[in-house]
1. With charges only on Cβ, +1 for K and R and -1 for D and E, what is the dipole size of region 2-75 about its Cα centre, in debye, rounded to 20?
2. Helix-only estimate, please: 222 nm mean residue ellipticity of the chain, summing -39500 (n - 2.57) across DSSP H runs of length 4 or more and dividing by its residues, to the nearest 500.
3. Go through region 15-29 residue by residue and turn each phi into a ³J(HN,Hα) via Karplus (6.51, -1.76, 1.60, θ = phi - 60°); whole Hz please, and just put x for glycine and proline.
4. Semi-axes of the equivalent ellipsoid for the chain, please: Cα gyration tensor eigenvalues, times 5, square-rooted, ordered largest first, whole Å.
5. Using θ = phi - 60° and the Karplus form 6.51 cos²θ - 1.76 cosθ + 1.60, what ³J(HN,Hα) does each residue of region 47-57 get, whole Hz, x for Gly and Pro?
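Every number in this text was worked out from the coordinates using simple rules, so none of it is lab data. As the structure is a computational prediction, the values presented were derived from the model and not from experiment. All Cβ positions, even for glycine, are placed from backbone atoms using ideal geometry, and neighbour counts span all protein chains on display.
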Amino acid sequence: MQNADIIKNKFEKLGYKVFGGVNSPYIWIKTLDGKTSLDFFDEMIEKYGIVGTPGSGFGPSGEGYFRLTGFGKREDIREW
């Protein structure tokens, strides 16, 4: 849960609307500028090496969101 908190705080500081990470280790990030969840997914991998799940994989209501998890290693999270 501490990892989820670190991720959540980082994205909030960058100006994203972030949900979750309180009662579960999953963090949902609202994409900016009308980007699709798949476009955001591509950008996160290409620019930052961050792997998550495009919200569209969870159905139509997930479009426009990107899901991350706090299950990774702490040093990997702090590195970004």
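1. Using Cβ point charges on Lys, Arg, Asp and Glu, region 2-75 gives about 280 debye.
2. Dividing the helical sum by the residues of the chain leaves -8500 deg cm²/dmol.
3. Ordered by residue, 3J(HN,Hα) equals x, 8, 7, 10, 10, x, x, 9, 10, 8, x, 9, 10, 10, 10 Hz.
4. 19, 14, 11
5. Running phi through 6.51 cos²θ - 1.76 cosθ + 1.60 with θ = phi - 60° gives 8, 10, x, 9, 10, x, 10, x, x, 4, x Hz.
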